[in-house]
Structure formats: C-alpha cells, structure tokens
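Quick one: the structure is below, and I'll ask about it shortly.
The values are calculated or read from the model by the stated rules, or taken from the named source; none is laboratory data. Keep in mind it's a predicted model, so treat the numbers as computed, not measured. Quick reminder, even Gly has a Cβ in these numbers, built from the backbone with ideal geometry, and neighbours come from all protein chains shown. For the accessible areas, the whole protein counts, side chains as well, though only heavy atoms, and no ligand, DNA or RNA atoms are used. Shrake-Rupley method; radii C 1.70, N 1.55, O 1.52, S 1.80 Å.
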Amino acid sequence: MLHNKRVILGITGGIAAYKAVEILRLLTKAGADVHVIMTRSAQEFIAPLTFQTLSANPVHTELFNLIAEREIGHISLADKADLFVIAPATASSIGKIANGIADDMLTTTVMATRAPVLIAPAMNVNMFTNPIYRNNEKKLRRLGYLFVPPVKGSLACGWEGEGKLADPETIFEAAVSALTIKDLAGRTIMVTAGPTREEIDPVRYISNHSSGKMGYALARSAARRGARVILVSGPVNLPPPHGVELVGVTSAEEMRRVVMARVGECSAVIKAAAVADYRPVERSGSKVKKQARELTLQLTRNADILAELGALEQRPFLVGFAAETDNLESHATTKLREKNLDMIVANDVSQSDAGFNVETNRALLLFRDSPMVECPLMSKGELATVILDHILSAGLS
Ligand code: PMT
C-alpha cells in the first residue's frame, strides 16, 4: 500500500511515545520507508535504538549532527518526504510549529517540508481545552495541516477526558488516506458485505462462509479514495473500516430494506455480500425439539436485491459479484445480463486461495460493454483497488 513512500515519523515527549512503535510497525508493514525524528524529551520516554532497529534507518535526534549535516540533514529529509506524521505531538511542539519556532531537528524539518503534515496530539485534558492550544490547532488546520484528534479516556496524569493519543490503527489509516489520491471524492458508494442469517428458531439459522473480507476491503479502499461509503454488513467478526457508515443487518430481508431505502443516495452499489437465496417458510418462536429421525425444513425464495436494483428506472452504477464453482464466465455473464448490471466480479469459490473466508482472491471482471479483464491471485485489498479503478474508468458519474 505504501511502497515507494517515504514517511517521516516525528516523536515528541509524551507518555504515549511508546505507541509510536506500533505506528512505525504498521507503516513499515505497509511498505513505507520510515525515517524517525525524536525530540530530546521523547528520548526520556523511549530509546532511539528501538526505532532505529524497527525502521532500519538511523534515527535523527540532533539538528547539529556532523554526519547528517554533510547534506544539510533537516533539509534533505524534508525534501524527500511524501508525508510527515507527528505522533504523539505535545502542546509545546504544536505551539512551536504554529508560531514558526524551529529550534530543533523536528520543528526545523516540519518547517522546511512541502509534504502533507499529519499531527496526532496527546496531552492533558486541560491543556487540550486551553484556548492557546485551541488557537494553535485552528491556525494549523487553516494552513492545511491534518489532525487525528485525541480520544477520551483516563490520562496518564490521572485526569479523565480528551487528550489520549488516538489508536495507532486510526493514525495509520489517516496516514494512508493522506497519501491516497481522492479520485472518488463527491461519490457515495454503498457496499454490501458478509453473509446473511436466516433464522430457523431462536438458536439456529441458515448461513454461509462469507467472512466479509472482500466487502470490507472494498469499503476501506473507497473511503480512502474519498468516497462517502455506506457499508451494509451481515454478521462478521471484522472491525469497521475507518470513515465508513456501517449499517449492521442480519437477514436478507433486512439487507434488502436498508439497500432499497438508501440506494437513492448512491452513485454506485457494489454487492459483495453472500445473500441467502432461501429462508425457512416459518421461524419457530421456540427452540425446535429433537424428535423424529428426520426433519424437513421448508424454504422459500428470498427477494433478489441486486435484480431489484437493476430493475429501478433510475439506478446507480451496479456491480454484482458471482460466486461460482464451475463455468465462471458463462454463469457470471448470465447474471450480468439478467440482473441488468454494469459490471460483475466472478470469483471461483471452489479454490482454497480464493472466494470465501481467505485473505486473497482471483477474479474475472465482466462488463456490460467492454472486454473481460482477468485478475490473477492477489490480496482482497489489491483486488478492491482494481475493481474501483475499473468502476471509475467504466464511467461512474
Ligand atoms: O466475504 P468473504 O469471505 O471475503 O468472501 C467473499 C465472497 C466470496 C462472498 C464474495 O467475493 C462474493 O462472491 N460475493 C457474492 C456471493 C453471492 O451471493 O454470489 P451469487 O452468485 O449467489 O449472487 C450474485 C449476486 O447477487 C451477488 O452480488 C449477491 O450479492 C446478489 N444477490 C444474491 C442473492 C440475493 N437474494 N440477493 C442478491 O442481491
């Protein structure tokens, strides 16, 4: 995700400095080349060696360093950066940056960079609500600096309230978003994900193996690219991606109600959910008792949500998925036509590395009026990016 991206991670002196280790780990895991700058007070909380080892780059601590200054260290770092993240950022460091005080390696490099700067403050709640801090933050926001607000919680100083550093995942997500071109800005995209559950009685249901990974990857990727995302999800064990509106549903009928109620807001609907085709004719109000040797369950067809969307007079760009075990192309082509879709993503769910409940997928992308595209095995995150690229180039308005 962050291959070929150089990120400067600035760490200032707060108790949350240790959380920068996790932020560094997430950034390097995503492929970024991370260079750490620590203020003198940050080094009171955690040793530079930790960051040097994990980033595989020297940690910058001094403005006047004979070796680094051979090439004017703070300027060359500032020039090479694609993104500058300061986490945790103290009230003092934010105050300095807001007022043009550049008296150490961190503040000097921030002042010299033309890269976007993302600031994750962490401080005592009274410092955070102090009008001097407020004005500094407001000023920086006006100048285009990005902020990941702190969260409420018990603070190291003993106070309760706002001031706790945001989660490393939230800061990482904001960093990825800052580095992502917003080519879906202004669009609302609805993604459905996960399985549906069709209840037999209060303790049993019919469902399938969908984990929600494919749909959640699509929602995450669309949100990073600037879309407003409505994620309609069946029951899954995944945290909702940052910045998406999650609407949880259980049954196919519930999913249908939400999708049909919200479709008017959308430029595109992507139906990655594995919707149950049938539900029990009757749901027993009490647990069905074990009695006869055989039990027959009578099922009835659920409405086909995608076909209903395709039949709308005014409809958004429609993307379906086809989960097939044979004749991938021909089955998917039939679904594309019969459900009146713009695009369908056909995945072969008989393979162990694709389809249900795995991290990877491979697919055929079929379109209403352009040639088929073959996507080889890749992560679901990568496939989500490819699908969104094709939705854009197929003329999403
Ligand atoms: O969730 P994961 O573990 O990551 O797995 C991903 C996935 C395999 C579930 C996903 O890639 C996928 O293929 N989703 C569609 C599964 C499916 O229901 O396929 P289908 O061929 O039965 O349905 C075709 C399309 O019609 C789908 O877009 C489906 O959402 C939609 N449909 C189906 C039935 C129904 N009653 N209403 C619908 O809208």
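Being part of a loop (DSSP other than H, G, I, E, B), within 16 Å of the ligand (Cβ to nearest atom) and not assigned by TED's automatic domain parsing to the domain that holds ALA89 is the requirement here; does SER210 meet it?
yes
The conditions are (1) surrounded by fewer than 17 Cβ atoms within 10 Å (Cβ to Cβ); (2) in contact (Cβ under 8 Å) with a residue 40 or more places away in the chain; (3) within 11 Å of the ligand (Cβ to nearest atom), and VAL319 fails exactly one of them. Which is it?
(1)
Here's something else I'd like to know. Give the residues of the range 298-316 that are of a type outside the set (D, E, K, R) and either within 9 Å of the ligand (Cβ to nearest atom) or surrounded by 13 or more Cβ atoms within 10 Å (Cβ to Cβ) (or both), sorted by residue number.
LEU299, ASN302, ALA303, ILE305, LEU306, ALA307, LEU309, GLY310, LEU312, PRO316
Restricting attention to the range 131-141, does a residue exist that is of a type outside the set (D, E, K, R), within 16 Å of the ligand (Cβ to nearest atom) and at pLDDT 95 or above?
No - not one qualifying residue is present in the range 131-141.
Looking at the structure I just gave you, is GLU245 modelled with pLDDT of 95 or more, within 13 Å of the ligand (Cβ to nearest atom), acidic (Asp, Glu) and in the same structural domain as PHE356 (by TED's automatic domain parsing)?
No.
Please verify whether GLU44 is closer than 30 Å to PHE128 by Cα and in contact with a Pro (Cβ under 7 Å, 6 or more places away or on another chain), treating the condition exactly as stated.
No; evaluated as a whole, the condition is false for this residue.
Also, I was wondering about something else. Being assigned to a loop (DSSP other than H, G, I, E, B) and surrounded by 13 or more Cβ atoms within 10 Å (Cβ to Cβ) is the filter here, so list the residues in the range 262-296 that pass it.
Selection gives CYS266, SER267, ALA272, ALA273, VAL275, ALA276, ASP277, ARG283, SER284, VAL288.
If a residue must be of a type in the set (A, V, I, L, M, F, W, C), modelled with pLDDT under 90 and open to solvent by 40 Å² or more (accessible area, probe 1.4 Å), how many such residues does the range 150-180 contain?
Within the range 150-180, residues that are of a type in the set (A, V, I, L, M, F, W, C), modelled with pLDDT under 90 and open to solvent by 40 Å² or more (accessible area, probe 1.4 Å) number 3.
Additional query: Can you name the number of the only condition in (1) closer than 23 Å to GLY285 by Cα; (2) among the β-branched types (Val, Ile, Thr); (3) away from the ligand (no atom under 12 Å from the Cβ); (4) touching a helix residue (DSSP H, G or I) at 6+ places or on another chain (Cβ under 6 Å) that VAL203 fails?
Here VAL203 clears every test but (4).
So, LEU49, is that one over 25 Å from ILE181 (Cα atoms), modelled with pLDDT of 95 or more and surrounded by 19 or more Cβ atoms within 10 Å (Cβ to Cβ) or not?
No, not satisfied.
Okay, next question. Do we have any residue at all in the range 78-92 that's within 17 Å of ILE37 (Cα to Cα) and of a type in the set (Phe, Trp, Tyr)?
Among the residues of the range 78-92, at least one is within 17 Å of ILE37 (Cα to Cα) and of a type in the set (Phe, Trp, Tyr), which makes the answer yes.
In the range 142-150, is there at least one residue being outside the structural domain of THR385 (by TED's automatic domain parsing) and over 24 Å from the mean Cα position of the chain (by Cα)?
So far as the range 142-150 goes, yes, one or more of its residues are outside the structural domain of THR385 (by TED's automatic domain parsing) and over 24 Å from the mean Cα position of the chain (by Cα).
Related question: Return the residue satisfying two criteria in turn: it lies in the range 181-197 and is surrounded by fewer than 19 Cβ atoms within 10 Å (Cβ to Cβ) and of a type in the set (D, E, K, R), and of such residues it is farthest from GLY243 (Cα to Cα).
Result: ASP183.
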